[in-house]
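K.L.:
Got a structure here, written out as structure tokens. Questions coming.
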Amino acid sequence: MSHHDRVRAVVWREDALELLDQRLLPGTMCYRRLTTAAEVAQAIREMVVRGAPAIGVTAAYGVVLAARIRHANDTNRWRASIEEDLALLAAARPTAVNLCWALRRMERVIAERGGEPMERLLAEAQAIHREDIAGNRRMGQLGAGLLGERGAVLTHCNTGSLATGGYGTALGVIRSGYEAGLIERVYADETRPWLQGARLTAWELVQDGIPVTLLADGAAAALMRRGGIRWAIVGADRIAANGDVANKIGTYHLAVAARYHGVRFMVVAPVSTVDIDIPDGTAIPIEQRAAEELLTLGGQTVAAVGADAWNPSFDVTPAALVDALVTERGVVLAPDAEKMARLMASRGEGQ
Ligand code: MRU
């Protein structure tokens, strides 16, 4: 781990999965030890671990845990009975496509015959984890290369080491840009209702010694109007074949405000976040979460009793509002269906 990347959310230790409980940050640092797929699915659902790439890595280790139990129970039929665990994991959160992508990779290993399946599965999960970090480092370099003149940037939600295998996607670009002297300050939306910006992004940046200023989500347009913000940089949970981007609720209005104010808008995500089977953003499943997340704060009721709440966890930003999509395979400027198809067919020469 480098100076600008000090924490790991997902750790495989002594034959079990340890997850840093992100619900308790920044006040308490507590790793939860999980040994079954059901525990892993619950941890994903309840936001112990979150962020699309971190969810994918976690699910892969969840398959290792499931296989160990199924294999010990029945060496001949474990490949059939593990289907139940795979379905449970796949259903944990619907928008982050990295979850299903990781499960598909693990399924291919399950289908292999011969060799030591348990060892192969663990090796595959660890490869997914390692490749995610390497991809983030590459995106960090590529994204920083787009920043141009030194200035401030704005980000939303948490896309850092906590949301990935390590280093981060959008926050990886920010880390890399700061190291290169191209970023003087990061403005971070607090990101209601889970406060990933206030609790997690600010925590990561403070630890790295990168200057960070928090703002209420509704203050972003006013900040842009004041001038000085060069880029809004965000991650993604799923990107459709035409380049439409699903990400944390509030990303869409950030993109609208950015275009209006001449602030450039960068999306940073690995190709495992691209869902080429979904033609455009209207078909992306958007997770709806419990009304309590809006009606309460820290366990206390804050809203008028009797009010309903609409609580989509993600929104869709049309590709037309995206100036640059940064992946580990290369940068796509002003993404559209044709450029996305070229990216997915390429082996990383850049677009
Ligand atoms: O609900 P969350 O915290 O899982 O949402 C996370 C985001 O929206 C991130 O921006 C996205 O997953 C990319 S993380 C590198």
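The values are calculated or read from the model by the stated rules, or taken from the named source; none is laboratory data. Keep in mind the model is a prediction, meaning the values are calculated, not measured. Neighbour counts are summed over all protein chains in view; Cβ atoms, including those assigned to glycine, are modelled from backbone coordinates with ideal geometry.
K.L.:
Are there any pairs with C-beta distances below 9 angstrom linking a residue in segment 139-150 that is at negative phi to a residue that is at pLDDT below 95, with the two at least 6 apart or on different chains, and if so which?
P.N.:
L142/G350
K.L.:
Out of curiosity, is L162 near the ligand (Cβ under 10 Å from one of its atoms) and in contact with a helix residue (DSSP H, G or I) (Cβ under 7 Å, 6 or more places away or on another chain)? Steps first, answer last, please.
P.N.:
Working: near the ligand (Cβ under 10 Å from one of its atoms): yes; in contact with a helix residue (DSSP H, G or I) (Cβ under 7 Å, 6 or more places away or on another chain): yes.
Against the criterion (near the ligand (Cβ under 10 Å from one of its atoms) and in contact with a helix residue (DSSP H, G or I) (Cβ under 7 Å, 6 or more places away or on another chain)), L162 qualifies.
K.L.:
Scan segment 261-273 residue by residue and report those that are within 27 Å of A345 (Cα to Cα) and away from the ligand (no atom under 13 Å from the Cβ). Spell out the reasoning first.
P.N.:
The first filter runs over segment 261-273 and keeps only residues within 27 Å of A345 (Cα to Cα), leaving 264-273.
R264, F265, V271 - these are the residues of segment 261-273 that are within 27 Å of A345 (Cα to Cα) and away from the ligand (no atom under 13 Å from the Cβ).
K.L.:
Quick check: anything in segment 189-199 farther than 12 Å from K248 by Cβ, of a type in the set (F, W, Y), in the same structural domain as G218 (by TED's automatic domain parsing) and in a loop (DSSP other than H, G, I, E, B)?
P.N.:
Taking segment 189-199 and keeping what is farther than 12 Å from K248 by Cβ, we get 198-199.
Then drop every residue that is not of a type in the set (F, W, Y), which leaves none.
No: zero hits.
K.L.:
Right, here's the next one. Select from segment 208-223 the residues that are under 17 Å from R175 (Cα atoms) and either in a helix (DSSP H, G or I) or aromatic (F, W, Y) (or both) and list them in ascending order.
P.N.:
The one that is under 17 Å from R175 (Cα atoms) and either in a helix (DSSP H, G or I) or aromatic (F, W, Y) (or both): D208.
K.L.:
Moving on. In segment 19-45, which residues are under 15 Å from A66 (Cα atoms) and surrounded by fewer than 20 Cβ atoms within 10 Å (Cβ to Cβ)?
P.N.:
R33, T35, T36, A38, E39, Q42
K.L.:
Here's a follow-up. Which one of these is in a helix (DSSP H, G or I) and of a type in the set (A, V, I, L, M, F, W, C): L154, L205? Explain how you work it out, then say what you get.
P.N.:
Details: L154 fails: in a helix (DSSP H, G or I).
Criteria check complete, one pass: L205.
K.L.:
Restricting to segment 224-260, give me the number of residues that are surrounded by fewer than 24 Cβ atoms within 10 Å (Cβ to Cβ), near the ligand (Cβ under 9 Å from one of its atoms) and outside any loop (DSSP other than H, G, I, E, B).
P.N.:
0
K.L.:
Quick one: A66 ticks every box in (1) in a helix (DSSP H, G or I); (2) farther than 22 Å from D275 by Cβ; (3) out of contact with any Asp or Glu (no Cβ under 9 Å at 6 or more places or on another chain) bar one, so which box is it?
P.N.:
(3)
K.L.:
Which residues, taken from segment 172-200, are within 16 Å of the chain's Cα centre (by Cα), in contact (Cβ under 8 Å) with a residue 60 or more places away in the chain and either surrounded by fewer than 24 Cβ atoms within 10 Å (Cβ to Cβ) or near the ligand (Cβ under 10 Å from one of its atoms) (or both)?
P.N.:
Hits for segment 172-200 are G172, W194, Q196, R199, L200.
K.L.:
Restricting segment 313-329 to residues that are assigned to a strand (DSSP E or B) and under 25 Å from R192 (Cα atoms), which is nearest to the ligand (Cβ to nearest atom)?
P.N.:
Let us first name the residues in segment 313-329 that are assigned to a strand (DSSP E or B), namely 314-317, 324-327.
If we keep only those that are under 25 Å from R192 (Cα atoms) as well, we get 314-317, 325.
Working: F314: 6, D315: 10, V316: 12, T317: 11, L325: 13 Å.
Among them, the one singled out is F314.
K.L.:
Taking E204, is it touching a helix residue (DSSP H, G or I) at 6+ places or on another chain (Cβ under 8 Å), modelled with pLDDT of 95 or more and buried (at least 24 other Cβ atoms within 10 Å of the Cβ)?
P.N.:
Details: touching a helix residue (DSSP H, G or I) at 6+ places or on another chain (Cβ under 8 Å): yes; modelled with pLDDT of 95 or more: yes; buried (at least 24 other Cβ atoms within 10 Å of the Cβ): yes.
Considered against the rule, which asks whether it is touching a helix residue (DSSP H, G or I) at 6+ places or on another chain (Cβ under 8 Å), modelled with pLDDT of 95 or more and buried (at least 24 other Cβ atoms within 10 Å of the Cβ), E204 comes out as yes.
K.L.:
Sticking with this one: Taking segment 142-159 on its own, how many of its residues are within 13 Å of the ligand (Cβ to nearest atom) and not small (G, A, S)? Explain how you work it out, then say what you get.
P.N.:
Narrowing segment 142-159 to residues within 13 Å of the ligand (Cβ to nearest atom): 143, 155-159.
Subset that is not small (G, A, S): 155-159.
Selection size over segment 142-159: 5.
K.L.:
Check segment 98-118 and report whether any residue there is within 16 Å of the ligand (Cβ to nearest atom), touching a residue at least 40 places away in the same chain (Cβ under 8 Å) and outside any helix (DSSP H, G or I). Steps first, answer last, please.
P.N.:
Keep residues of segment 98-118 that are within 16 Å of the ligand (Cβ to nearest atom), which gives 98-102.
Right, trim to touching a residue at least 40 places away in the same chain (Cβ under 8 Å) and you get 98-99, 101-102.
Filter once more, so that each one left must be outside any helix (DSSP H, G or I): none.
No, segment 98-118 contains no residue that is within 16 Å of the ligand (Cβ to nearest atom), touching a residue at least 40 places away in the same chain (Cβ under 8 Å) and outside any helix (DSSP H, G or I).
K.L.:
What residue, among those in segment 16-60 that are in a helix (DSSP H, G or I) and of a type in the set (V, I, T), is nearest to the ligand (Cβ to nearest atom)?
P.N.:
First, the residues of segment 16-60 that are in a helix (DSSP H, G or I): 37-45, 52-60.
This time we only want the ones that are of a type in the set (V, I, T), so: 40, 44, 55, 57-58.
Values: V40: 15, I44: 9, I55: 7, V57: 11, T58: 11 Å.
Among residues in segment 16-60 that are in a helix (DSSP H, G or I) and of a type in the set (V, I, T), the one nearest to the ligand (Cβ to nearest atom) is I55.
K.L.:
Anything in segment 72-97 that is surrounded by fewer than 19 Cβ atoms within 10 Å (Cβ to Cβ), outside any helix (DSSP H, G or I) and of a type outside the set (S, T, Y)? List them, or say none.
P.N.:
Across segment 72-97, the qualifying residues are D74, N76, R77, A91, P94.
K.L.:
For segment 301-351, which positions are surrounded by 17 or more Cβ atoms within 10 Å (Cβ to Cβ) and of a type in the set (V, I, T)?
P.N.:
V316, T317, V322, V326, T327, V331, V332
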